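Chemist: There's a structure below that I have some questions on.
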Amino acid sequence: MDQLSVEHLLGIKYLKKEDIELIFKTADHFKEVINRPIKKVPSLRDITIANLFFENSTRTKLSFELAEKRLSADIINFSASQSSVKKGETLIDTVNNILSMKVDIVVMRHPNAGAGVFLSKHVNARIVNAGDGAHEHPTQALLDSYSIREKLGSVKGKKIVIIGDILHSRVALSNIFALQLQGATVKVCGPTTLIPKYITELGVAVETNLKKALQWCDVANVLRVQHERMDIKYFPSIREYTQLFGINKQLLDSLNKKIIIMHPGPINRGVEITSDVADSEQSIILNQVENGVAIRMAAIYLLAQQIKK
Ligand code: ASP
């Protein structure tokens, strides 16, 4: 397979195992490129990309932008707080106005689940979902799996536990789909109020005891509590959350093996993870960020290959 089976990157749910393999193979090449003295290739000189961010972002926005620049694409950036969306313009109108400037690919982050799917049905451009509400964040899950593969040789057969606010996390859902597609076993661990009821139907086991979960896994992917998506209280206090579900050095050292620690960022140091764990040699958090650029270069490059000029 040398082409993606999809026209848009809307979610891991729509991908085949072979798509993930192709993205990883392409990312291997781009990772080599971005470690050269000249970190740029001319591949997308004829492609224009709009980065539309209707929700805040640091890592993802910079990572996409850098990936696009490394591929020599022309880019325009838009963030909702400075735009006419505030003046009452609809999403389709906003995007169609941008597309009339001859844009080929739209990278979009949006607070509403399904925004990317909706847009892909109404506008004439390739859409990349950079996070849609609590739904999916496909490039994050791809870079997470890619980082596991880099560290452990493969994802197949590995045991991964995702810890924390599973209910409001798009990283969790995309990771579950991606890891299972590649043959990993996934568990979740967190307060029962933050674990969706449908989770077992996805073939994911629930472990509420953090130490048992860590004892079981090869890799722990630690999530932030998504306060911005909560309108009620899901647990009594941050202090209690940290006591029951926070990862600290003492806990890690009490395990009879060395597991790998991941976090998609932003980290709330001292809440879900302590600094001595986040910065330890067991942590691959900064490798995830580095790999994000190669993965996003690969995804955009492969989508752009399908555009007939
Ligand atoms: N950066 C990730 C996201 O956009 C994780 C997080 O915000 O906690 O979903």
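A short reminder: the numbers here are calculations on the coordinates, not readings from a lab. Keep in mind that what you see is a predicted model, and the values were worked out from it rather than measured. When we count neighbours, we look across all protein chains shown, and the Cβ atoms used for this are built from the backbone with ideal geometry, even at glycine.
Chemist: Between Q305 and E89, what's the calculated FRET efficiency when r is the beta-carbon distance and R0 is 41 Å? Round to 0.05.
Modeler: 0.80
Chemist: Say we join alpha carbon atoms closer than 10 Å with springs in a Gaussian network model of the chain; which of Y198, Y14, Y146 then has the biggest fluctuation?
Modeler: Per the Cα network of the chain with a 10 Å cutoff, Y198 tops the list.
Chemist: Using the Kirkwood formula over every pair of different C-alpha atoms, what hydrodynamic radius in Å results for the chain?
Modeler: Working: mean 1/r = 0.0502 Å⁻¹.
One over the average 1/r among Cα pairs gives 19.9 Å for the chain.
Chemist: In the structure shown, do any of K211/K258; K25/K61; K151/K212; K17/K39; K61/K156 have a Cα-Cα gap over 20 Å, and if so which?
Modeler: Correct reply: K25/K61; K151/K212; K17/K39; K61/K156.
Chemist: Continuing with this model, one more query. Using a basic spin-label model with each label point 7 Å from the Cα along Cα→Cβ, how many nm lie between K16 and D74?
Modeler: Once both label points are built, they end up 3.5 nm from each other.
Chemist: Set the Förster distance to 30 Å, then compute FRET efficiency between L99 and K151 from the Cβ-Cβ distance, nearest 0.05.
Modeler: It comes to 0.15.
Chemist: How high is the relative contact order of the range 24-164, in percent, with contacts defined as C-alpha pairs under 8 Å that are six or more residues apart?
Modeler: Relative contact order here is 20 percent.
Chemist: Now a separate question. Please report how far the C-alpha centroid of the range 230-259 lies from that of the range 288-304, rounded to the nearest whole angstrom.
Modeler: First find each Cα centre; the distance between them is then 32 Å.
Chemist: Moving on. Residue separation times 0.36 nm, minus the C-alpha to C-alpha distance between Q250 and L66: what's the value?
Modeler: Answer, rounded to one decimal: 62.5 nm.
Chemist: Considering only I267, I295, I238, give the residue with the highest GNM mean-square fluctuation for the chain, with springs between Cα atoms whenever their separation is below 10 Å.
Modeler: Between I267, I295, I238, it is I238 that shows the largest mean-square fluctuation.
Chemist: Something else: Choose one answer from I127, I162, I199: the residue with the largest mean-square fluctuation in a GNM of the chain with alpha-carbon springs under 10 Å.
Modeler: Looking only at I127, I162, I199, the largest GNM fluctuation is found for I199.
Chemist: Within a 10 angstrom radius of the beta carbon, how do E18, E228 rank from fewest other beta carbons to most?
Modeler: Exposure proxy ranking, most exposed first: E228, E18.
Chemist: Please grab the % of Cα pairs in the range 177-309 that end up more than 18 Å from each other.
Modeler: Here the long-distance tail beyond 18 Å is 63 percent of all Cα pairs in the range 177-309.
Chemist: Pairs of alpha-carbon atoms within less than 8 angstrom and 6+ residues apart define the contacts here; what relative contact order does the chain have, in percent?
Modeler: It comes to 20 percent, rounded to a whole number.
Chemist: Next question, about the same structure. Using the Cα gyration tensor of the range 1-75, with a ≥ b ≥ c the square roots of its eigenvalues, what is the shape: rounded (a/c below 1.5), prolate (a/b larger than b/c) or oblate (neither)?
Modeler: Oblate is the answer for the range 1-75, as a/c is 1.5 or above yet b/c matches or exceeds a/b.
Chemist: Measure out, as a whole number of angstrom, how far apart the alpha-carbon centroids of the range 175-195 and the range 10-31 sit.
Modeler: 19
Chemist: Related question: Can you tell me how much longer the chain between V271 and K39 gets when fully stretched, taken as 0.36 nm per residue apart minus their C-alpha distance, in nm with one decimal?
Modeler: Taking 0.36 nm per residue and subtracting the Cα distance, the gain is 79.9 nm.
Chemist: Just the number, please: Stokes-Einstein D of the range 1-125 in µm²/s, Kirkwood Rh from C-alpha pairs, 10 °C, 1.306 mPa s.
Modeler: Calculated translational D: 100 µm²/s.
Chemist: To two decimal places, what compactness ratio does the range 98-211 give when its Cα radius of gyration is scaled by 2.2 N^0.38 Å?
Modeler: Relative to the 2.2 N^0.38 Å estimate, the range 98-211 comes out at 1.21.
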